[in-house]
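Heads up, the thing below is written out as structure tokens.
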Amino acid sequence: MGADREIKKQLIDSPVIHLDETSIRIKGKREWLHVACTEFLTYYAAHHSRGAEANKAMGILLAFERRGVHDGWKAYFKFGYLHALCNAHHLRELTGIAEEEGQEWPNDMIDLLLEIKKSAKERRSIDS
């Protein structure tokens, strides 16, 4: 089995994968670089589409049945795995609201999310 297929297989079998996409230029044209990863594995796929078409072509999400962590992009919800939203994206969006709108409540939410993260990390270290 080639490395490409083995990485896909291991991602499909993982309990949690992280998903994201970003625009790139290939030969002067806008494309999308899609990623599916764990702490130890990363799979990249370039595609002309940002949406579900690209995720189908990548060949991971159609077979994946566990938990995918992502930014809430609507294309991810077209697949049947369990969904979790990425707090790094939440923090970025909250920071943007605080800076652009001059509102204070996003800073309180940021503090709360970071406190929850710290508490969860401490709890995991106690349990292990």
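A few comments on the model shown:
- Angle in degrees between helix 105-127 and the longest Cα principal axis of the chain, rounded to the nearest 10: 70 degrees
- In terms of overall dimensions, region 88-127 has a Cα radius of gyration and Dmax of 12.5, 41 angstrom.
- Taking θ as phi - 60° and the Karplus parameters 6.51, -1.76 and 1.60, the scalar couplings of region 43-58 work out to 10, 10, 8, 8, 7, 6, 9, 8, x, 4, 4, 5, 5, 5, 5, 5 Hz in sequence order, x denoting glycine and proline.
- Within the straight-line cut-off of under 17 Å between alpha carbons, the aspartates and glutamates reachable from LYS78 are ASP20, GLU21, GLU53, GLU65, sequence neighbours fewer than 8 places apart in one chain being disregarded.
- Helix axis angle, 87-101 relative to the chain longest principal axis, alpha carbon, degrees: 60 degrees
- Of LYS9/LYS118; LYS29/LYS117; LYS27/LYS56; LYS56/LYS121; LYS8/LYS74; LYS74/LYS117, those spanning more than 29 Å from alpha-carbon to alpha-carbon: LYS9/LYS118; LYS29/LYS117; LYS56/LYS121
- Projected label distance in nm at ASP127 and ARG25, using a 7 Å step from Cα toward the beta-carbon: 4.6 nm
- Along each principal axis, taking the top coordinate minus the bottom one, the Cα set of region 21-76 gives 36, 25, 20 Å in descending order.
- Under a 5 Å amide H cut-off, with hydrogens placed 1.01 Å from N, ASP71 pairs with CYS86 among residues at least 5 apart or on other chains.
- Residues of region 47-65 with amide N under 16 Å of a point placed 7 Å along Cα→Cβ from LYS78: 47-64
Bear in mind these aren't lab numbers, they're just calculated from the coordinates by the rules spelled out. Note that the coordinates shown come from a computational prediction; the quantities given were computed from them, not determined experimentally. Glycine also receives a Cβ, built like all others from the backbone with ideal geometry; neighbour counts cover every protein chain displayed.
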